[in-house]
Amino acid sequence: MSLYVHLPWCVQKCPYCDFNSHKAGNNAPFGRYVAALISDLEAEAGEAAGRPIESVFLGGGTPSLFSPEKIAAVLDAGRAMLALSDECEITMEANPGTLEHGSLKAYRDAGITRLSLGAQSFDAGMLRSLGRIHGPDEISNAYAKAEAAGFDSINVDLMFALPGQSLDMAMADIDRLLEMSPPHVSYYQLTLEPNTVFYQQPPKAIPDDDTAWSVQEQGQKKLTAAGYEQYEISAFAKPGQRCQHNLNYWQFGDYLAAGAGAHGKLTDFHGQVRRYRKPANPQQFMEQVERGAGRVVATPVGDDELGFEFMLNVLRLSDGFTAELLRERTGLEMTALAAPLRKALDDGLLEQLAPHRWRPTPTGFRFLNDLQAQFLP
């Protein structure tokens, strides 16, 4: 079991972002929101039923807009109410342009064990086109400060196929990243998501599919040559540095949810999987929590959907999945997925490694959406 905590404010909304984030302005109610989060965590503790929490992820929004003292208050409440394991991985997302809002050492002292820096690019022009508030030097400075503060588990986000980005420009980004040599890299393609500015007003000169694939392929080769293992479609890690929180998602584990718009997934003692979410609007979330009504009613996941949801996640993993994991996380046997599994094998999108173990082929990884769609109910 994991815990996700959502902190919904940013300095400004990036035009490509479809997450539940809101411009903070000068009067964002950080103190009130933290109080609501702590009340929300108390409700979540009842759902945990004493199960150990193996990872915590503070996402957003921009959690580093919150002071170390406020982050510490949230984590202290979590420790008091939930059974955090001794080796609990606690990640906080941070924007390199907001880290002046708090000392990185203070975040470390508050209990953050892993930092995730939203770099996105090392090209000043690309950063401007993405609406980012930081420059290339701020990324390097933030990373150096994080290391000096004692963080030995750091992720750096890097995007590719950006507006006007050539293959050479994308590879220059990879080279700058490798100079820092972070333990973990999230390397993913810009996509135009609905309900974003970029979707409504697509930027010019977005690379075509062939160019994007060339960039992805060359970037992955550089990362592999530098000692990174691609363990998920967009995640690369040095040995021992895989993100435990995201692995729990991709392996269809359970997770609690606290904060505006946060989503949770729970499996009860009868094996029934339920999903739930919190009100997305921060004001509405705070008001409902203060009235003692912050939880949205959980929705059971039907048997016909369980297999697809499981495959939607595990097919992102380079290690693939086993029949045992399917049975453990859903109660289903592989016979329930026999027809799409056979078709995916015949199409060369999956390969069988052992009698009860499968993984995507390189072609399956490249055309992951097509592979996942084969398991739609």
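The values are calculated or read from the model by the stated rules, or taken from the named source; none is laboratory data. The shown structure was predicted, so the numbers you read here are calculated from the model rather than taken from an experiment. Backbone-built Cβ (ideal geometry, glycine too); neighbour counts: all protein chains shown.
Answer yes or no: is there a residue in the range 11-24 that is buried (at least 21 other Cβ atoms within 10 Å of the Cβ) and modelled with pLDDT of 95 or more. Within the range 11-24 (the criterion being buried (at least 21 other Cβ atoms within 10 Å of the Cβ) and modelled with pLDDT of 95 or more), the answer is no, since none of the residues qualifies. Of the residues making up the range 33-54, those that are under 24 Å from residue 247 (Cβ atoms) and either out of contact with any Ser or Thr (no Cβ under 6 Å at 6 or more places or on another chain) or in a strand (DSSP E or B) (or both) are 41, 44, 45, 47, 48, 49, 50, 51, 53, 54. When 255, 228, 276 are checked against the criterion of being outside the structural domain of residue 359 (by TED's automatic domain parsing) and within 16 Å of the chain's Cα centre (by Cα), 255 stands alone in meeting it.
Looking at 330, 299, which one is of a type in the set (S, T, N, Q) and touching a Gly at 6+ places or on another chain (Cβ under 8 Å)? Before you say what the answer is, go through the steps one by one.
Details: 299 fails: touching a Gly at 6+ places or on another chain (Cβ under 8 Å).
Among 330, 299, only 330 is of a type in the set (S, T, N, Q) and touching a Gly at 6+ places or on another chain (Cβ under 8 Å).
Here's the yes/no breakdown for (1) touching a Gly at 6+ places or on another chain (Cβ under 9 Å); (2) at pLDDT 95 or above; (3) part of a strand (DSSP E or B); (4) not polar (S, T, N, Q):
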| residue | (1), (2), (3), (4) |
| --- | --- |
| 26 | no, no, no, no |
| 56 | yes, yes, yes, yes |
| 69 | yes, yes, no, yes |
| 79 | yes, yes, no, yes |
| 133 | yes, no, no, yes |
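With surrounded by 17 or more Cβ atoms within 10 Å (Cβ to Cβ) and charged (D, E, K, R) as the only criterion, which of 44, 69, 87 stands out? Working first, answer last.
Details: 69 fails: surrounded by 17 or more Cβ atoms within 10 Å (Cβ to Cβ); 87 fails: surrounded by 17 or more Cβ atoms within 10 Å (Cβ to Cβ).
After ruling out the rest, the residue left standing is 44.
Somewhere in the range 113-124, is a residue in contact with a His (Cβ under 7 Å, 6 or more places away or on another chain) and assigned by TED's automatic domain parsing to the domain that holds residue 19?
Going residue by residue through the range 113-124, those that are in contact with a His (Cβ under 7 Å, 6 or more places away or on another chain) are none.
No, because not a single residue in the range 113-124 is in contact with a His (Cβ under 7 Å, 6 or more places away or on another chain) and assigned by TED's automatic domain parsing to the domain that holds residue 19.
Mind checking which helices (runs of 4 or more DSSP H) fall wholly inside the range 233-341 and carry at least 1 residues that are farther than 24 Å from residue 61 by Cα? If you could, list the steps in order and put the result at the bottom.
Details: elements: 244-250, 282-290, 303-314, 323-330.
The helices (runs of 4 or more DSSP H) meeting that bar are 303-314, 323-330.
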